[in-house]
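Structure, as structure tokens:
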Amino acid sequence: MTMNFFRGVMGGQPAGPQPTGAETIHKLCDRVASSTLLEDRRDAVRALKSLSKKYRLEVGTQAMEHLVHILQTDRSDSEILGYALDTLYNIICNDEEEEQDESEDMAAAPPVSGKHKNVPVSDENAQKQEEDLGVLFTDKFLGDSENVTLLLTLLEEFDFHVRWPGVKLLTALLKNQCNQVQGVILVSPMGVSRLMDLLADSREVIRNDGLLLLQQLTKGNAAIQKIVAFENAFERLLDIITEEGSSDGGIVVEDCLLLLVNLLRNNSSNQNFFKEGSYIQRMKPWFEVGDDNSGWSAQKVTNLHLMLQLVRVMVSPVNSPGATSSCQKSMYQCGLLQQLCTILMATGVPADILTETINTVSEVIRGSQINQDYFASVNAPSNPPRPAIVVLLMSMVNERQPFVLRCAVLYCFQCFLYKNQKGQGEIVATLLPSTIDANSISAGQLLCGGLFSADSLSNWCAAVALAHALQDNLTQKEQLLRVQLATSLGKPPVSLLQQCTNILSQGDKIDRRAKSEKGSKVQTRVGLLMLLCTWISNCPIAVTHFLHNQENVPFLTGQISENLGEDERLVQGLCALLLGICIYYNDNSLENYTKEKLKQLIEKRIGKENFVEKLGFVTKHELYSRAAQKPQPVFPSPEQMLFDHEFTKLVKELEGVITKAVHKTSEEEKKEEEVKKTLEQHDSIVIQYKDLIRDQDTQIQELREQVSTLSLNSEQMHNQIIQQQSQIQQHKDQYNILKLKLGKDSQGLSSSQGEGAHVNGLHSEELSQLREEVEELRRQHALQHTQLSDKDSLINTLRCGAAAAAQTAEGGAGGSDNTELLGEVESLRSRVQAQCAEISQLQTERQELIRRAEAVSSAPASSSESSTDTVKVSELESRLAAQTTETERLKEECRGLREGHAGLEQQLASAQSTVAIEQTEKTKLQQEVQESKKEQDDLLMLLADQDQKILNLKQRLRDLGETIDEDEDELDTRDQFGEDDDDDDEEDEENND
């Protein structure tokens with residue numbers, strides 16, 4: 001019956017009427033809920049899986065609870081778990097691929113009656129219904145948060161049929177209800193760690209789907225992004241990218257890069273972790289390109305685009321300035337910026353990669369002085385070499401280049417000049433007359449050419465680029481006033497400022513250049529007005545130059561007062577801003593155009609309220625707010641390229657102050673001037689005091705340095721004094737010693753001359769004393785020689801005795817003799833050592849005598865006895881030499897005696913060991929004899945007791961009148977006496993032993 005049921009479900013020919021899809025699914029759900037056999041439940045779940053794509057609504061409505069129950073209870077069977085997970089995925093997933101598969105299956109399947117049959121709906125409505133079903137079933141599954149926890153637990157199963165569908169199901173849940181699933185995973189213990197383990201799976205299918213899962217998981221959740229990053233995600237992802245071939249890799253590399261972008265975008269903690277982990281250095285090999293860059297695959301272009309986007313995420317202007325600066329520094333130090341510049345100047349690179357590389361280099365150098373200096377030194381590989389900036393500007397002002405590429409070059413130029421006054425000065429310098437080189441193309445020449453070309457987009461880009469060269473740099477604004485342009489032959493040159501205003505006033509020429517393109521006229525005029533506003537703002541000299549031309553103010557008032565169309569309103573607003581700047585930064589150096597007269601002019605010809613209203617047109621424009629969002633100029637079309645990001649900041653800063661300046665009366669102006677003067681005076685006083693304090697600080701610092709120098713010199717002088725004092729003391733000591741020596745020498749000389757009893761500095765008594773000492777040494781030597789002979793004979797005697805002791809092993813007497821022998825040898829050794837010490841002392845005395853004799857011999861002879869004394873001294877020396885020789889011989893004999901003594905000690909030790917062994921055996925025998933004797937004594941005591949008992953018994957028998965044989969009595973008596981004799985003999989033998 002079961003087989004017939006499933007045969008009907010799976011497409012066989014049933015015997016009865018054909019059931020509908022809902023009825024079939026209902027029966028399968030009952031089978032899953034009621035079957036006790038695992039095989040039946042498995043077959044039912046497999047059937048639900050096969051129907052889940054065609055009857056998504058019915059399966060999701062009826063079977064979801066049963067499928068979740070299967071996941072909870074049948075954990076031991078991986079096959080049924082896989083079927084259940086696949087079924088849940090089919091009813092929750094909204095992927096287009098799944099929809100295509102479903103449509104193909106619907107076309108190939110036999111007709112089955114159901115709710116989805118013959119429903120005439122459009123493709124859009126069908127797609128929307130499918131998405132609604134996915135969200136509906138996702139909400140139903142997430143109704144119990146334990147279901148997500150259960151799914152995370154199932155991901156720990158290593159079985160492919162469980163882990164892979166589990167990964168796909170969790171990914172589908174995240175796509176439909178990302179925030180809710182993220183919240184459950186975030187509070188689940190080890191939830192993110194379990195998902196990170198998917199990246200370590202050896203099966204590429206699971207690893208790749210794990211990447212897709214983590215992409216969905218990390219979207220817009222900073223907490224999960226941090227956890228994933230600290231689970232060593234960066235290391236694993238970069239390893240996978242390297243293993244897959246970096247930019248030459250496939251779709252897996254793209255998935256890894258997308259996940260990295262998710263983890264790093266707008267997450268300062270992860271960005272810092274990425275930088276501190278030295279992962280920026282590992283990005284450098286990604287951008288290594290060869291000489292031949294043709295034939296790049298679409299996947300490689302996608303991968304490189306994402307790699308460049310990852311670099312931009314690390315240095316995005318929206319990041320904190322400190323983090324961006326640190327990353328920019330690391331990219332320069334590891335050579336990443338140099339590698340990007342190589343791609344920038346390479347040939348054959350696809351246009352979209354080149355554009356993204358320009359944008360990436362722009363943000364890497366933005367606001368970083370060292371990076372900007374390096375970029376200024378980069379040259380293109382042309383002949384002759386040209387700076388990279390010049391080559392890029394050539395592309396920007398070339399109307400045949402793609403629009404996005406021109407925008408990227410403009411952004412790069414803006415970033416190069418951002419907070420870079422050195423670079424601004426270099427750009428402006430290329431426009432000055434003294435630095436223009438006719439043989440080469442400079443950046444300034446390209447900007448001027450673009451500013452006055454027939455292409456309105458080039459006009460706008462050149463105007464904005466030149467405005468950035470003047471941004472927040474008063475010096476360059478004044479320097480740019482020196483630039484003169486040659487308009488035509490025979491006419492005098494005009495200033496760049498005047499030429500810009502001339503072009504503005506010649507509206508008909510602009511119209512002709514526009515070539516009937518909508519918005520082009522406005523684009524050119526807006527660009528020039530932004531340049532003029534930036535130029536003269538906060539620069540009174542430039543304002544004076546602008547007002548000096550008598551045509552400029554009437555032109556501005558005429559433009560503002562006219563009622564023009566919608567497209568011209570922006571131009572009117574910018575003209576009002578330019579005129580307001582002329583009022584606010586006016587130093588009243590021109591009588592015709594003072595602040596007060598300009599305000600009166602506005603009030604008469606325009607009206608203050610009308611002026612303020614026209615001024616407000618700028619900030620109310622829809623493109624203004626778009627440009628104010630981020631620095632990069634991103635526009636869908638060239639016509640919408642009207643505002644610059646930095647200019648929006650200027651407008652925001654000046655709009656309020658200009659409005660106040662226009663509405664102020666003359667009295668208020670005077671009061672403000674007085675207050676300003678007072679403040680200036682106060683500021684001047686404060687500046688004077690600051691200068692005074694600064695000078696005093698400088699003097700104090702100088703005095704401190706002098707004091708420290710003098711202290712150091714004083715310490716050095718003190719050390720020198722101490723050293724000199726010690727040297728003086730040493731010289732005094734040496735002088736006293738020399739003085740004493742000289743005194744002794746003079747005394748000896750006077751005594752030898754006065755008495756005549758000294759011979760060559762030696763007294764006769766000293767010579768006799770020396771003779772006696774030598775005789776004493778001789779006697780001692782003879783005595784020692786005799787003693788050594790006696791000891792030799794004694795040692796020989798001891799050797800013989802030791803040999804006899806070893807043969808006889810007589811322990812007691814031999815031991816005592818050896819002890820005496822050792823004592824005598826030790827005493828002999830000590831005496832020899834004492835004699836050696838005496839000999840050393842005698843040698844020392846001999847050396848002293850020789851020294852004194854040499855000293856005497858160096859002195860002049862004073863009498864005839866000196867020769868005799870010399871002979872005696874020679875005799876003494878010869879005797880000492882003989883005694884030394886004899887001493888050496890004695891040492892040799894002592895050395896021989898020591899060696900013989902060592903041999904005797906060895907023999908003695910051997911004999912002692914033999915005696916010890918025999919003594920042990922003797923002790924053992926004596927113990928045995930004592931035990932035998934004790935036993936005999938015990939036997940004798942027993943025998944004596946028995947004999948006594950026998951005698952007592954015999955006596956009693958006699959007393960009773962019994963007859964006792966006398967022979968037996970004598971025999972007993974004899975036996976008793978014989979035993980006593982034997983005992984006495986044994987005792988005698990023991991005593992003898």
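Observations on the model:
- Long-range neighbours under 6 Å by Cβ, at least six apart or interchain, first residue surrounded by 14 or more Cβ atoms within 10 Å (Cβ to Cβ) within segment 588-600, second assigned to a helix (DSSP H, G or I) and among the small types (Gly, Ala, Ser): Glu596/Ser666
- Residue identified as outside any loop (DSSP other than H, G, I, E, B) and modelled with pLDDT under 90 among Ile510, Ile560, Ile583: Ile510
- Hey, Met345 open to solvent by less than 50 Å² (accessible area, probe 1.4 Å), modelled with pLDDT of 95 or more and under 23 Å from Phe416 (Cβ atoms) or not: no
- Hits in segment 274-284 - residues which are touching a residue at least 40 places away in the same chain (Cβ under 8 Å) and open to solvent by 60 Å² or more (accessible area, probe 1.4 Å): Gln281, Arg282, Lys284
- Which listed residue, of Glu79, Glu97, is surrounded by fewer than 24 Cβ atoms within 10 Å (Cβ to Cβ), under 19 Å from Val167 (Cβ atoms) and modelled with pLDDT of 85 or more: Glu79
- Residues being touching a residue at least 24 places away in the same chain (Cβ under 8 Å) and surrounded by fewer than 16 Cβ atoms within 10 Å (Cβ to Cβ) - total across segment 562-572: 1
- Residue in segment 448-456 that is open to solvent by less than 10 Å² (accessible area, probe 1.4 Å) and not small (Gly, Ala, Ser) present: yes
- Of the residues in segment 298-315, none is polar (S, T, N, Q), in a loop (DSSP other than H, G, I, E, B) and closer than 21 Å to Gln632 by Cα.
Here's the yes/no breakdown for (1) more than 30 Å from Val315 (Cβ to Cβ); (2) modelled with pLDDT under 90:
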{"residue": "Leu578", "(1), (2)": "yes, no"}
{"residue": "Leu601", "(1), (2)": "yes, no"}
{"residue": "Val618", "(1), (2)": "yes, no"}
{"residue": "Glu622", "(1), (2)": "no, yes"}
{"residue": "Ser625", "(1), (2)": "no, no"}
{"residue": "Val657", "(1), (2)": "yes, no"}
{"residue": "Glu673", "(1), (2)": "yes, yes"}
{"residue": "Lys677", "(1), (2)": "yes, yes"}
{"residue": "Ile685", "(1), (2)": "yes, yes"}
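- In segment 602-629, the residues that are closer than 21 Å to Ala661 by Cβ reach residues that are among the basic types (Lys, Arg) and open to solvent by 40 Å² or more (accessible area, probe 1.4 Å) with C-beta atoms within less than 6 angstrom, at least six apart or across chains, in these pairs: Phe617/Arg569.
- Restricting the first member to segment 35-59 and to residues that are over 22 Å from Leu133 (Cβ atoms), and the second to residues that are open to solvent by less than 40 Å² (accessible area, probe 1.4 Å) and outside any helix (DSSP H, G or I), the beta-carbon pairs closer than 8 Å and six or more apart or on different chains are Leu38/Asp74; Leu38/Asp77; Arg41/Ser35; Arg41/Asp74; Arg42/Asp77; Ala44/Ser35.
- Glu667 vs. criteria out of contact with any Asp or Glu (no Cβ under 7 Å at 6 or more places or on another chain), loosely packed, with under 10 Cβ neighbours inside 10 Å and either over 30 Å from Gly580 (Cβ atoms) or modelled with pLDDT under 80 (or both): yes
- Residues in segment 513-546 that are over 20 Å from Cys582 (Cβ atoms), part of a helix (DSSP H, G or I) and either among the basic types (Lys, Arg) or modelled with pLDDT of 95 or more (or both): Arg513, Lys521.
- A count restricted to segment 466-496 and to residues that are assigned to a loop (DSSP other than H, G, I, E, B) and either in contact with a Ser or Thr (Cβ under 6 Å, 6 or more places away or on another chain) or farther than 18 Å from Gly449 by Cα (or both) stands at 6.
- Residue check, Lys630 in a helix (DSSP H, G or I) and either open to solvent by 30 Å² or more (accessible area, probe 1.4 Å) or hydroxyl-bearing (Ser, Thr, Tyr) (or both): no
- Residue list for segment 224-257, restricted to those being hydroxyl-bearing (Ser, Thr, Tyr) and surrounded by fewer than 20 Cβ atoms within 10 Å (Cβ to Cβ): Thr242, Ser246
- Remark: pairs (first residue in segment 490-502, over 14 Å from Ala463 (Cα atoms); second residue among the β-branched types (Val, Ile, Thr); Cβ separation under 8 Å; 6+ apart in sequence or on different chains) = Pro493/Thr487; Val494/Thr487; Ser495/Val483; Asn502/Val494.
- All conditions in (1) open to solvent by 10 Å² or more (accessible area, probe 1.4 Å); (2) touching a His at 6+ places or on another chain (Cβ under 6 Å) hold for Leu417, with the sole exception of (1).
- Checked against the criterion of being surrounded by fewer than 16 Cβ atoms within 10 Å (Cβ to Cβ) and in a helix (DSSP H, G or I), the candidates Lys614, Lys604 yield just one match: Lys604.
- Considering the conditions (1) open to solvent by 50 Å² or more (accessible area, probe 1.4 Å); (2) free of Cβ contacts under 8 Å to residues at least 40 places away in the same chain; (3) farther than 25 Å from Gly425 by Cβ, His305 is excluded by exactly one of them, (2).
- Counting the residues of segment 52-76 that are farther than 18 Å from Asp144 by Cβ and open to solvent by 40 Å² or more (accessible area, probe 1.4 Å) gives 4.
- Inside segment 248-270, residues that are under 26 Å from the mean Cα position of the chain (by Cα) and under 9 Å from Asn303 (Cβ atoms) make up a count of 2.
- Looking only at residues in segment 897-921 that are of a type in the set (Val, Ile, Thr) and without any contact (Cβ under 8 Å) to a residue 60 or more places away in the chain, the one that is nearest to Ser830 (Cα to Cα) is Ile917.
- Tally of residues being in a helix (DSSP H, G or I) and surrounded by fewer than 18 Cβ atoms within 10 Å (Cβ to Cβ) across segment 259-272: 4
- Yes/no for Ala576 being in contact with a Ser or Thr (Cβ under 8 Å, 6 or more places away or on another chain) and open to solvent by less than 30 Å² (accessible area, probe 1.4 Å): no
- Taken over segment 190-236, the criterion of being farther than 25 Å from Lys140 by Cβ, in contact with a helix residue (DSSP H, G or I) (Cβ under 9 Å, 6 or more places away or on another chain) and in a loop (DSSP other than H, G, I, E, B) is satisfied by Met190, Asp201, Arg203, Thr218, Glu231, Asn232.
- His26 vs. criteria open to solvent by 20 Å² or more (accessible area, probe 1.4 Å), within 16 Å of Asn90 (Cα to Cα) and without any contact (Cβ under 8 Å) to a residue 60 or more places away in the chain: no
The values are calculated or read from the model by the stated rules, or taken from the named source; none is laboratory data. Worth saying up front: this structure is predicted, and the values here are computed from it rather than measured. Ideal geometry is used to build each Cβ from the backbone, glycine not excepted, and the neighbour counts take in all protein chains shown. We work out accessible area using only protein heavy atoms, side chains counted, and drop any ligands, DNA or RNA first. Shrake-Rupley method; radii C 1.70, N 1.55, O 1.52, S 1.80 Å.
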